[in-house]
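Structure first, then comments.
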Protein chains: 4
Amino acid sequence: MTVVDTIVYRPVRDELAYTFGGRMPVAHLRSGDVLEVFTEDCFGGRVRGPADLPSQVCQMPYLNPVSGPFFVEDAEPGDTLAVHIMSIIPAREWGVSSTFPHFGALTSTSHTATLQPPLEERVWVYGIDRDAGTVRFQATETDHNVDLPLEPMIGTIGVAPGGFETRATIVPDTHGGNLDTPLVRAGTTVYLGVNVHGAMLALGDGHARQGEGEACGVGVEIATVTTLAVEVVRKTPTVWPRLETDTGIASVGCARPLEDAYRIAHTDLVGWVADLTGMDTLDAYQLISQAGRAPIGNVCDPNYTVLATVDTALLPGGCAAYGGVHARLRRAAEPR
Amino acid sequence: MTVVDTIVYRPVRDELAYTFGGRMPVAHLRSGDVLEVFTEDCFGGRVRGPADLPSQVCQMPYLNPVSGPFFVEDAEPGDTLAVHIMSIIPAREWGVSSTFPHFGALTSTSHTATLQPPLEERVWVYGIDRDAGTVRFQATETDHNVDLPLEPMIGTIGVAPGGFETRATIVPDTHGGNLDTPLVRAGTTVYLGVNVHGAMLALGDGHARQGEGEACGVGVEIATVTTLAVEVVRKTPTVWPRLETDTGIASVGCARPLEDAYRIAHTDLVGWVADLTGMDTLDAYQLISQAGRAPIGNVCDPNYTVLATVDTALLPGGCAAYGGVHARLRRAAEPR
Amino acid sequence: MTVVDTIVYRPVRDELAYTFGGRMPVAHLRSGDVLEVFTEDCFGGRVRGPADLPSQVCQMPYLNPVSGPFFVEDAEPGDTLAVHIMSIIPAREWGVSSTFPHFGALTSTSHTATLQPPLEERVWVYGIDRDAGTVRFQATETDHNVDLPLEPMIGTIGVAPGGFETRATIVPDTHGGNLDTPLVRAGTTVYLGVNVHGAMLALGDGHARQGEGEACGVGVEIATVTTLAVEVVRKTPTVWPRLETDTGIASVGCARPLEDAYRIAHTDLVGWVADLTGMDTLDAYQLISQAGRAPIGNVCDPNYTVLATVDTALLPGGCAAYGGVHARLRRAAEPR
Amino acid sequence: MTVVDTIVYRPVRDELAYTFGGRMPVAHLRSGDVLEVFTEDCFGGRVRGPADLPSQVCQMPYLNPVSGPFFVEDAEPGDTLAVHIMSIIPAREWGVSSTFPHFGALTSTSHTATLQPPLEERVWVYGIDRDAGTVRFQATETDHNVDLPLEPMIGTIGVAPGGFETRATIVPDTHGGNLDTPLVRAGTTVYLGVNVHGAMLALGDGHARQGEGEACGVGVEIATVTTLAVEVVRKTPTVWPRLETDTGIASVGCARPLEDAYRIAHTDLVGWVADLTGMDTLDAYQLISQAGRAPIGNVCDPNYTVLATVDTALLPGGCAAYGGVHARLRRAAEPR
């Protein structure tokens, strides 16, 4: 029987971090440890009703806080940090979403700059029913409402970047960060290349759910209690974030324009599949071309996110990525 | 009981079309008619084995042939043509895919032009087992093989463009064309805005299946016998192609860069949902932001394709798009 | 002494063309002929004052008319048509510009689609002083005005596309079309690859001047009398439009996103310079990287335009592109 | 007479910086001070001949070093730092350029990822003749050579970013950084928004010259002795970098895709011109659309750079940007 330490961490407001890198660790983890961590929502909990317009109650750059960073012992540059998400529990009975001036996919923005005024800023409050497994959408101008499936996910998870960089938590890139993909959910293992001594893991920005692309720029934002297990895969570099579930593997690309995110993710997945199966690169390219899926994460953040994913059942000869760490952490995560 | 005419059309080689627009009709259809049409594969059936390199056995612009165009009576500019796909049957026991010089998502191309030589041109032949419902991938350099689900789709379907234009069949745009989305499959209704008297419907480019984005630029290409029913929705314009299934609706955006395809599709879907439900535009934007999905069609054609789609069960108050034509054609399509 | 025929053509309204391809020729030209042609402005002359809002007085697709097409004898697919611009004379004493709903670089558009309403539609009328060589900008909301240099150019020039396509005149692509670059001015030779028997040259969309990128989507639009000389360069294909002046050569790329237009133009220019000088491709790449310029044509049309250009004085060994046809036509164009 | 302090700074190798932000200052400046600073080339001086392949002699992330940062007294967030470039003197008699694996505009890259192998890595050495004002290009595979004008510029200049970020010097963004535009030359004033106490100015990456877009990813790289004067413009924010010369003003946009860089720069310039002249925004948009130029900086760095620029002579009523600081620093920079 493995003895597993469980570290519990709940940040006070001043401990919240707004960057990956450039911060001192809030706690230390070892391979095999389980971490139970409270994460605030992307507004720092300040948006609680229709009158709390984000651009008024929040102050730049104090958006999208993460909890951490956590120093992972024995994690060194050139290693990979495997983070298995065991559970994501909404911490409150509500979530919020909003439009935000010149932010989102269906508006001009600071970068897709135009001379048009912004869309109206508006807040939506969702009721969360954990027992029913639903989040309730309520229209603001009419009586329309509908229950959507509760599918909790972590929007932002990453490690300190390399090259002495410090990046705002709003940014997704090679170090992870604001990936905003629904696939970072309970049961998924996230692989992140380690860039600095101790990796410096941090996470936050839970969503009760989000659509593909996060069109309005904001999911159903929630605070969470998230439980995860970590393991260092030694001397195994990872360039772009990767994910593994019980049924599939995925590479994550973060870039603009969106096709570059697609290219990154698929080039990475083709190489990964060639490595795992022993197939020639062009054969792997062909197989992914017919069997792969390409879910869009976000089309609103400083880099857009696209995943390249394939069911492992469609890979000849099966798959034991990163020495089988996903299966190992998955088992460890089961109730004993 | 409705009397339905079934038109059967099998083009001889010289009848194949390589454009939307600029062609005389091969047959006439009326609203309610059923059409059973043979479609050639994208290579005109010329690629049958590893030695048949497409760049050698095919000649530009004789690629991606379609069957048609079909003149639809009473279809006028400002109307919408509803095309319900009843079945897509692979016409042969094999399909083919390939790389093609400077074409595809993971290579430089004629437009993402670089000084690098092209990837190796190579052909893959897939065995199709209609009874088992599988297509068999066989690696070329190793013994790896795997069965993938047979999921027949039509890659190219459209009408004559407006503005006196004639477009190559390789192009997806407002008139439809080379959409390359797996959602154009049996059970789906395709809505196309009519630009010219008679609409001039044509289709081809069947795939036994394809991955999202069609990364290598080529699906598992097949000839098909496709059966469909048409109906003209009068005085109802459609700007971008739309799709409806028993469970969802989708808007199709075709553009480069890929985020513009996303923007087009989502802006269209938000407006469509607002129209169908009576919700305010920003409320529809919010709902799609949390409930929508954004499957990528192709990232290789002259325009890329992204869909914006939502389950109709997640729309408050239900949905009867285009006067319920999908349900009507669906019923008519059932065996009597 | 060369005997040169001068063909004079002034279309009546019904003769104006709105596509490249799909039209019967209005006249025939032979190599060496000089053509004097009247071209209407992009609004068909319908916008003459502040009250003539383009979206009201013009009707789609009757925008951006061209004069032609002209059948060029002996021009066959695989040849290049050299068109030397001898002079561009504004045909009226005024030009107009405007904003246009959801068109232009600093607004969301039909393709960069957002939920925002369009910018205000407004018309600017410019006075043209041919003697002074100026166009006068007059602000609409204040008394500000300023004289800008008169620099007449042809926005749209091209031949029939290949692949049986017919393209709207608003589109720039391999066949030329709506390039919208100030370099198409008197003294420049335009090289266009011939796609169909007779080439089918057409031109229009004169500008008294325009900024780089044509930010608002509309130059200072004018009718012109344009004089040009043509010559067929036999058995010499041209893929993308090219330009030559007395001091430089340029390749034109048309694509979205804008970096693809840059890549196309520069890949073409690098190959052209390698051919002209006998240098290795990477040496030509290096030289263009340090000596090249990349003026932006348009950032508003269906494809954006970027040029790659280099002064021929910076090319080792000089330059006699297309067998010296530019110098030959230049001399022929001089007053005798 | 103004008393001006001249600070001279020559970094030793260990003092070179590879980020903006995250560093302690190397010296303090006050408004009006003149700084004479030695800057290393982008390779840290390690590439001196054909055998010195950058990927072998340089080590990531130790590329593109800058000298600094310099703490500017009284510079606070919300202010603008004006940096007037007085002179840029090449520090050696040679410069170098190269291709670099999967970096540059005419190759697939880490982000425009493809399965193709990289272009050959190769080094070009240029002779610099300061008296003649030339840099000599020498082909590597043939005897071709040509003298190009010596036009020294600073590729990388910036301040510490906001939001607690630290960015690699290879990145251009709102804080400046690797703008790679030839307009940062002697006689130009650079305006940078101050994000942190003391601004933390740094610069490096001199080029003897570069083409527009820096196609191969590398200019004619040189070490320099650069002399500049600084002044803090109080309580005047600047969002994106701006430039001023004796004849024009320019806004700099940094983004991908390239059209977003164009949109940023032009939206900023339109607003700036409206502010300076008192014209309505749409009038300024119209004027820039006809009178503006849009030189491309780089199409190879993590963000691409486009400038929007206009001659001040074409602005009604003249222009005294930032309280006339350019003219003031220009005069101060003249030999006394």
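The values are calculated or read from the model by the stated rules, or taken from the named source; none is laboratory data. The structure presented is a predicted model; accordingly, all values stated were derived computationally and were not measured. Positions of Cβ are generated from backbone atoms using ideal geometry, with glycine treated the same way; all protein chains shown enter the neighbour counts. Each accessible area value is taken on the protein alone, full model and side chains, heavy atoms only, with ligands, DNA and RNA left out. Shrake-Rupley method; radii C 1.70, N 1.55, O 1.52, S 1.80 Å.
Details
- Charge dipole (debye, nearest 20) of chain D; +1 at Cβ of Lys and Arg, -1 at Cβ of Asp and Glu: 360 debye
- Computed lengthening from A:R30 to A:D280, 0.36 nm per intervening residue step minus Cα-Cα distance: 86.3 nm
- Only DSSP H runs of four or more residues enter the estimate; each adds -39500 (n - 2.57), and after division by the residues of the protein assembly as shown the mean residue ellipticity at 222 nm equals -4000 deg cm²/dmol.
- Here, P(r) means the percent of Cα pairs in each 20 Å bin from 0 to the largest distance; for the protein assembly as shown it is 10, 39, 39, 11, 0, 0.
- Local net charge near A:E120, Cβ-Cβ under 13 Å (Lys/Arg +1, Asp/Glu -1): -3
- C-alpha center-to-center spacing [segment B:214-279, segment B:1-56] in angstrom: 21 Å
- Computed from phi, the 3J(HN,Hα) profile of segment A:101-108 under the Karplus parametrisation 6.51, -1.76, 1.60 (θ = phi - 60°) reads x, 6, 9, x, 8, 10, 8, 5 Hz, with x in place of Gly and Pro.
- Value of relative contact order over segment A:60-158, rounded to a whole percent, pairs C-alpha under 8 Å and six or more apart: 21 percent
- Helices meeting the span-like rule in chain C (full DSSP H runs, Cα extent of at least 24 Å along the helix axis, mean Kyte-Doolittle score of -0.5 or higher): C:258-277.
- Residues whose amide H comes within less than 5 Å of that of D:T238, counting only those at least five positions distant or on another chain, are D:G193, D:V194 (H built at 1.01 Å from N in the peptide plane).
- Rg over Rh [alpha-carbon atoms, Kirkwood Rh] for chain C: 0.96
- Relative contact order of chain D, taken over Cα pairs closer than 8 Å and 6 or more residues apart, is 22 percent.
- Segment B:111-191 - charge dipole about Cα centre, Lys and Arg +1 at Cβ, Asp and Glu -1, debye rounded to 20: 280 debye
- Rounded to the nearest Hz, the phi-derived 3J(HN,Hα) couplings of segment C:205-210 under the Karplus curve 6.51 cos²θ - 1.76 cosθ + 1.60 (θ = phi - 60°) are 6, x, 10, 5, 5, 7, where x marks glycine and proline.
- Estimated distance in nm for a label pair at A:E334 and C:D311, the labels positioned 7 Å out from Cα along Cα-to-Cβ: 7.5 nm
- As a ratio to 2.2 N^0.38 Å, the alpha-carbon radius of gyration for segment C:242-333 is 1.10.
- Most mobile listed residue (B:T99, B:T39, B:T281) in chain B, GNM with C-alpha springs under 10 Å: B:T281
- Residues whose amide H falls under 5 Å from that of D:Y126, counting only those 5 or more places apart or on a different chain, are D:G95, D:V96, D:S97, with hydrogens built in the peptide plane.
- Isotropic mean projected area of the C-alpha convex hull, segment A:182-336 (nm²): 10.2 nm²
- Projecting the Cα atoms of B:A291, B:L276, B:L307 onto the charge dipole of segment B:242-317, computed from C-beta unit charges around the Cα centre, puts B:L307 farthest toward the positive end.
- The string of couplings for segment B:232-240 from the Karplus curve (6.51, -1.76, 1.60, θ = phi - 60°) is 8, 9, 6, 6, 9, x, 10, 7, 10 Hz, one whole number per residue in order, with x for Gly and Pro.
- Rg over Rh [alpha-carbon atoms, Kirkwood Rh] for segment B:137-244: 1.04
- Magnitude of the charge dipole, the protein assembly as shown, Cβ model with Lys/Arg +1 and Asp/Glu -1, debye to 20: 0 debye
- Taking only Cα atoms of segment D:1-145, radius of gyration then Dmax in Å: 19.1, 64
- Residues considered: D:I154, D:I88, D:I288. Largest GNM mean-square fluctuation over chain D, using C-alpha springs under 10 Å, is found at D:I288.
- For B:K235, the aspartates and glutamates whose Cα falls under 15 Å of its own Cα, not counting residues fewer than eight places away in the same chain, are B:E73, B:D74, B:E76, B:D79.
- Over all other residues within a Cβ to Cβ distance under 9 Å of C:R167, the charged ones net out to -2, with Lys and Arg as +1 and Asp and Glu as -1.
- By accessible area with a 1.4 Å probe, ligands and nucleic acids excluded, highest first: order of C:F38, C:F103: C:F103, C:F38
- The same position D:G49 in the other copies lies at 5.6, 7.7, 7.7 nm from this copy, comparing label points 7 Å beyond Cα toward the beta-carbon, shortest first.
- Neighbours of B:E214 by Cβ distance under 9 Å: Lys/Arg scored +1, Asp/Glu scored -1, total -3.
- Each copy carries C:G78; placing its label point 7 Å along the C-beta direction from Cα gives inter-copy distances of 4.9, 5.9, 7.2 nm, listed from smallest up.
- When chain D is treated as a GNM with alpha-carbon contacts under 10 Å, the residue of D:S98, D:S87, D:S110 showing the greatest mean-square fluctuation is D:S110.
- Rg/Rg_globular for segment A:17-74, with Rg_globular taken as 2.2 N^0.38 Å and Rg from C-alpha atoms: 1.43
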